[in-house]
Amino acid sequence: MPAVNYARAGDVAILEIANPPVNALSLAVREGLMEGLAQAYADQGVVAVAICGAGGMFPAGADINEIASGLALTAPMILDVQARMEAATKPLVAALEGNALGGGFELALTCHWRVATPATTVGLPEVKLGLIPGAGGTQRFTRLAGPQAALEAITSGAPLPASRALELGLIDRIADDALGAAAALGRQAVRERWPLRITSELKEHIREVSGGLFTAFRQKIAARARGQLAPWKIIDSIEAACTRPKAEGFRFERDCFIECRDSPQRRALTHVFFAEREARRIPGVGPEVKPLAVARAAVIGAGTMGGGIAMCFANAGIPVRVLELSADALGRGLALIAKNYAGSVSRGSLAPPRAERALSLIQGVTGYGELGEADIVIEAVFEDMNVKKEVFVQLDRVAAPQAILATNTSTLDIDAIAAVTSRPEKVVGTHFFSPANVMRLLENVRGARSSAQTLATVMALGKTLGKVPVLAGNCDGFIGNRMLMYYGSEAEFLLEEGATPEQIDRVMEGFGFAMGPLAVRDLAGNDVGFLIRKGRKLPPDERFSPILERLMERGRLGQKAGKGFYRYEGRTRIADPEVLAIIEAVSRDLKIRRRQIPDEEILDRLLHPLVNEGARILDEGIALRAGDIDVVYVNGYGFPAWRGGPMYWAEQAGLKRVVETMQRLAPSHGARWRPAPLLEQLAATGHGWPGIRDPKSR
Ligand code: NAI
């Protein structure tokens, strides 16, 4: 099978790129395009050329493996194909369907014109892999749509719907039959003798661009892009498109691309990209296990989490019933959901008809009798085993026999919940993160008796709901919260020893965390943290810091109380001397002499416990692979994706060094600093994590 099919539709040549599954621009495709173009140019009967993708999909990008392996640089490179396209004497028109992204869209941008179907999306998502577009994407996009649009679209990597792309001038027409319309456009250009529109030579949008535009944009993304390479290189390249001669601009983009491609950030983000895909694969749950189709869902409890989970179903077009026992609580829950949708509409992130449609799919109920049609029920009531058990007894009675009964518990034993039902094989944990309609992670928890089909269903459900699903084993805290406990307590020990909340949060945010650990505590509520802690059993030689309790005694519950580890004005956190006094009193009571703690120590003290507990979790089989742990931390806990997650970070630092650091800290910081046996064993043998791919090979 050739990777590019050549055909004729009357006097128009059709080059159809056929490289399943996404028609990526592999070497074979590039060769096929070179041949196809040569044939079309030579063919006397051809007046114009249309380029499209097989199976209704324009190429969705370069081949990521080829970028990592260097094969993308084997001739003909995409740049060679583009040079050949720009040398055409016949009109070239791209017919866009599906997702024309990355290298695929760069190819389309090189054509003289572009036609798309209404459902097509286009975009340059390279930034998500730590890259910048490397085939003239920043230069041509800027020339077609102007620098402001280019800055927004390429630094975010967000896909653009066809309608928006038309408004911006990135495409020229929208038609249901993109290929037919592309051929027609080519013929029209010939008939009406249009000059060929070479996009790299357009000047209209890059004349007289004020440098202030770039300064303002750099300020705008400063916080979001802190510590990252690619977003800044994208801005520089777009600026180069506006300020430098054409050839220099293209060369500059290329140099930036190579710098990003060879950066540790690109490797880390590629690791996360593949880890997210691999996390969906579960040994023993092969393709022969068909997930249960989820046509209708139900959620028990319309609180913080229940409401958000119901929104996830509705956003995915799945009708969902939400149960509360009292009409009052139900009314409050539904009102909050409506308010959330109204907020999205007023911010412009959701079109009003879509919000209305989603709302119409959510139905409040107060009786269990109304849940009989649901294929899955997700329980999100109070975190109390007795309440949960009562709910599951009822659910088991009323739910359809095939229905899956899931719990959103963040700490409780799935098997104890399953045991009160007659269908333990249908019971599973589906741990969403707050706010559930926003956070991407779905930590599914396998009970001892959860069936393969139940697991397949909740993993598939994650994808349907637009989440990143990861499977965890059943233990206290599962993957994410179990590791978090050590991270959170270590932050408080650092406070006892002399650090301040501001210093700790500054160091961790400097490392790239979305929020430092104490700011996170304030957001989640210190009462919640305290409650979870109370339910935990600690080994005899370990303790919790009393700081949390002291803050609670003074009503410092966190953001919701306007004070916690900080004082709050709106959402702005402000260091509070009263907090420091509380911490200093704790240090005095514990007879700890406060000292200046270096920033590097803070980083070491907080990252190593994550890695160490991660190693235990891996050893016990609670996580299937180290990459799964990274996926959990990147998508659920604000760990910077461009550092690859805690396990990847440790492997890059060297597991031997990780163990040495722990051994150095152990004498003064207690038993919890003893390296996990797996970690010691790997450090001794020089191996990386089992199951993780060797990142150096990418
Ligand atoms: P919440 O207190 O906001 O909501 C619980 C809701 O359940 C309330 O509206 C309550 O009226 C309702 N409810 C209580 N008993 C009920 C019953 N027997 N039947 C029907 N409805 C009942 O609590 P939240 O924060 O939504 O937590 C729910 C679950 O999600 C808990 O298991 C919690 O551990 C878990 N979770 C919470 C997260 C968070 O950040 N808040 C994150 C992940 C999981």
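Where a number appears in this text, it was derived from the coordinates with a stated rule and is not lab data. The structure displayed is predicted, hence computed values, not measured ones. With ideal geometry, Cβ positions are generated from the backbone for all residues, glycine too; neighbour counts draw on all protein chains shown.
Worth a mention:
- Sequence of S349, S434 once ranked by neighbouring C-beta atoms within 10 Å, starting from the fewest: S349, S434
- Among beta bridges that DSSP assigns inside the stretch 4-262, antiparallel share in %, nearest 5: 30
- A compact globular protein would have a Cα radius of gyration near 2.2 N^0.38 Å; the ratio found for the stretch 540-620 is 1.36.
- Length-normalised contact order for the stretch 297-472 - Cα pairs under 8 Å, 6+ apart - percent: 21
- Computed over the chain, the quotient of the alpha carbon radius of gyration and 2.2 N^0.38 Å is 1.05.
- The chain: angle of helix 230-243 to the longest principal axis, Cα-based, in degrees nearest 10: 30
- Charge context of V93, other residues only, Cβ under 12 angstrom, K/R +1, D/E -1: +4
- Taking other C-beta atoms within 10 Å as the exposure proxy, K388, K90, K290 rank K290, K90, K388 from fewest upward.
- Net charge, T199 excluded, C-beta distance under 9 Å - Lys, Arg +1, Asp, Glu -1: +1
- What the pair-distance distribution of the stretch 1-124 shows, using all Cα-Cα distances binned every 10 Å from zero, is 15, 50, 31, 4, 0 percent.
- Beta bridges by DSSP in the chain, antiparallel share as percent, to the nearest 5: 30
- Helix axis angle, 577-589 relative to the chain longest principal axis, alpha carbon, degrees: 50
- Of the GluC sites (Glu not before Pro) in the stretch 334-442, those whose Cβ has at most 14 other Cβ within 10 Å and which sit in DSSP loop: E373
- Rounded tilt (10° steps) of 178-191 against the dominant C-alpha axis of the chain: 30
- Working note: Debye formula, equal point scatterers on the alpha-carbon atoms of the stretch 600-697, no solvent; log10 I(q)/I(0) at q = 0.18 Å⁻¹ is -0.79.
- Euclidean distance of C-alpha centroids, the stretch 646-663 and the stretch 346-401, integer Å: 43
- The modelled label-to-label distance between R449 and R550, using points 7 Å beyond Cα along the C-beta direction, is 4.8 nm.
- Shape of the stretch 300-347, Cα gyration tensor, a/c cut at 1.5: oblate
- Where labels lie 7 Å past Cα in the beta-carbon direction, separation of K203 and M385 in nm: 7.7
- Computed over the stretch 4-262, the P(r) tail beyond 23 angstrom holds 47 percent of alpha carbon pairs.
- Once the C-beta distance of N5 and D415 is scaled by a Förster radius of 56 Å, the resulting FRET efficiency is 0.55 to the nearest 0.05.
- Overall Cα dimensions of the stretch 495-534, principal axis frame, Å, largest first: 30, 24, 11
- Part-to-part distance (alpha-carbon centres) for the stretch 453-506 and the stretch 181-256, which is given in Å: 40
- Fewest-first sequence of S587, S422, S26 by Cβ atoms within 10 Å of each Cβ: S422, S587, S26
- By the Stokes-Einstein formula, at 0.692 mPa s and 37 °C, the stretch 115-248 with its Kirkwood radius over alpha-carbon pairs has D equal to 206 µm²/s.
- Hull-based mean projected area of the stretch 368-435, where the convex hull spans the alpha carbons, in square nanometres: 4.3
- The stretch 280-385: antiparallel DSSP beta bridges as a percent of all, rounded to 5: 10
- Cα shape, the stretch 70-115, gyration tensor, a/c 1.5 rule: oblate
- Space enclosed by the convex hull of the alpha-carbon atoms of the stretch 472-593, per residue, Å³: 119
- Cα-Cα P(r), the stretch 321-463, percent of pairs per 10 Å interval: 11, 37, 37, 14, 2
- Theoretical ellipticity at 222 nm over the chain - DSSP helices of four or more residues, -39500 (n - 2.57) apiece, nearest 500: -15000 deg cm²/dmol
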